[in-house]
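A quick write-up on the structure given underneath.
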Ligand SMILES: Cc1cc2nc3c(=O)[nH]c(=O)nc-3n(C[C@H](O)[C@H](O)[C@H](O)COP(=O)(O)OP(=O)(O)OC[C@H]3O[C@@H](n4cnc5c(N)ncnc54)[C@H](O)[C@@H]3O)c2cc1C
């Protein structure tokens, strides 16, 4: 795997990953690239918070706790690196990483939040995020950390890539998967979790083909039964 340092001339030939927490890597993935350690940084500067694209969520949460900074409590138990978190607009309910975002830096320069569009698990960012700048607001809340921990208590501990599908408007992907009889159905070592049906879990040695079978089966059954088109939240990396 290539490491992205300062030379961005070749990036179009690679797919940039963070820490693959929302990614299903296939048997024939495109060439992958990740930001080097150079982009693992977090600092307070000029009255704002500056975070490098390769900074893990746990490090951000610890820094904010130590420096009494508000608005990042939801990262305490949400895996990923800053670039992946911003690119997915990761969050829990109304708490999303874009809420306190001010700007991002990419290889072509700086972009203010107003120049970008964010939605539910969506950001229209096509370039590598090397750094992001956030509003600095003081008042870290341990209460919020507890609240987020409780919110996540329905998620399985078995390895997964997080939520498999985006929730369709006014409904829940997990509920629909359960309704069509796929909750807990084993395909090899893969299944939609008994604990939360929108988590596609791997109980050990799960195969990409089995994961894809379950994803396609869920889409098909939910379309047939509810006329709803499920949209993947997980990013599938497979070349034909
Ligand atoms: C157990 C579990 C629970 C989870 N719970 C939640 C949750 O509650 N809420 C939530 O929102 N998510 C959740 N997730 C999903 C995941 O944590 C987030 O999507 C996170 O943002 C992924 O970060 P990553 O670095 O692993 O990104 P990756 O999975 O590596 O990549 C995801 C996308 O981001 C892009 N990307 C990565 N780095 C960069 C960069 N530097 N610049 C531009 N684009 C980049 C990739 O190209 C890809 O399209 C969960 C995952 C797991 C495994």
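Computed values, structure above
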{"item": "Nearest-ten-degree value, helix 208-226 long axis tilted from longest Cα axis of the chain", "result": "70 degrees"}
{"item": "Size-normalised alpha-carbon gyration radius of the range 1-68, reference 2.2 N^0.38 Å", "result": "1.34"}
{"item": "The chain: calculated mean residue ellipticity at 222 nm from DSSP helix runs of at least 4, using -39500 (n - 2.57)", "result": "-6500 deg cm²/dmol"}
{"item": "Length released on extending from residue 94 to residue 232, taking residue separation times 0.36 nm less the Cα-Cα span", "result": "47.7 nm"}
{"item": "Hull shadow area, averaged, the range 79-159 [alpha-carbon convex hull, nm²]", "result": "6.4 nm²"}
{"item": "Computed Kirkwood radius, in angstrom, where 1/r is averaged over Cα pairs of the range 90-225", "result": "17.4 Å"}
{"item": "Peptides 191-203, 80-92, 210-222 ordered by average Cβ neighbours within 10 Å, highest first", "result": "80-92, 191-203, 210-222"}
{"item": "Gyration tensor (alpha-carbon) shape descriptor, the range 5-136, a/c threshold 1.5", "result": "prolate"}
{"item": "The chain: angle of helix 57-66 to the longest principal axis, Cα-based, in degrees nearest 10", "result": "50 degrees"}
{"item": "Semi-axes of the equivalent ellipsoid for the range 156-237, Cα gyration tensor, largest first, Å", "result": "19, 12, 12"}
{"item": "Isotropically averaged projected area of the chain, using the convex hull of Cα atoms (one quarter of hull area), nm²", "result": "13.6 nm²"}
{"item": "Whole-number percent relative contact order across the chain, with pairs defined as alpha carbons under 8 Å at least 6 apart", "result": "20 percent"}
{"item": "Peptides 93-100, 71-78 ordered by average Cβ neighbours within 10 Å, highest first", "result": "71-78, 93-100"}
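No lab work stands behind these numbers, since they all come straight from the coordinates. Just so it is clear, the structure is predicted and the values come from calculations on it, not from any experiment. With ideal geometry, Cβ positions are generated from the backbone for all residues, glycine too; neighbour counts draw on all protein chains shown.
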